[in-house]
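Let me begin by presenting the structure, written as structure tokens, before commenting on it.
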Amino acid sequence: MYIPSFYQNKNIAEVKTFLKENSFGILISQVDGKISGTHIPMELDQDEHGEDILVGHLAKANPQSKNLKDNQEVLAIFNGPYSYISSSWYQKENVPTRNYVAVHIYGKVKVIEGKELLESLKKLIDKYEQYSENPVSMEKMSSRTLKQRHGIVGFSIKIHEIQGAYKLSQNRDETDYHNILNELKKVGDSNSMGIAAAMKKVKL
């Protein structure tokens, strides 16, 4: 991913937190010589050696799952908030732009099955069901429901590169920076407010 130097986020701990909070991404891989992508949750975890991995699964009916092979190079893309930035918010004439947060993960795939797959599904369900009034759990599911796991292909991605793009007006002076923050708050939608919050973090 092309990232100008002042937008690169090399704070791995911060990027990992972003991944945990924005785990719905796009898995990109080759399928019969063509690039293919699927929108799925991919959870940040660690393998038995304590190394960072992403864990997820695809439907068996998805052609992308049929082409997943151990040690295949893949790309996982995660997006955070983004917002239009009007150049009318600057002191001097310039072009409009967008602020955004995005992370690219490069790594090698390993197909997971059996107990390892069940454990990954349990972690996924437990993470999101904790907010439910009547949470679902693997332990309470019937054998009939659990049979649906045979319709998926589980995988982990051993991470070998993380790229974080945090384009948050770091190249603007203090006056422009505060003008942008104020205007984003006036827009008031979830993306604008998300970008405003992210901008404040990089200025801390």
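One table, with the values for the structure above:
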quantity: Cα pair distances in the range 62-172, grouped into 10 Å bins until the bin that holds the longest one, percent each; calculated: 11, 26, 26, 20, 12, 5, 0
quantity: Helix-only CD estimate at 222 nm, as mean residue ellipticity for the chain, using -39500 (n - 2.57) per DSSP H run (n ≥ 4); calculated: -9000 deg cm²/dmol
quantity: Only Lys, Arg (+1) and Asp, Glu (-1) charged, at Cβ; the chain dipole about Cα centre in debye; calculated: 360
quantity: Selection from Pro135, Gly164, His150, by position along the positive dipole direction of the range 84-204 (Cβ); calculated: His150
quantity: The chain: most fluctuating residue of Asn11, Asn134, Asn71 per GNM, C-alpha cutoff 10 Å; calculated: Asn134
quantity: Cα centroid separation, the range 1-70 to the range 126-171 (Å); calculated: 12
quantity: Estimated D of the chain in µm² per second, where Rh is the Kirkwood radius over Cα pairs and Stokes-Einstein applies at 10 °C, 1.306 mPa s; calculated: 83
quantity: In degrees, nearest ten, helix 114-129 long axis to first principal axis of the chain (Cα); calculated: 40
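Where a number appears in this text, it was derived from the coordinates with a stated rule and is not lab data. Fair warning: this is a prediction, and the values are worked out from it, not measured in the lab. Every residue, glycine as well, gets a Cβ built from its backbone with ideal geometry; the counts of neighbours run over all protein chains shown.
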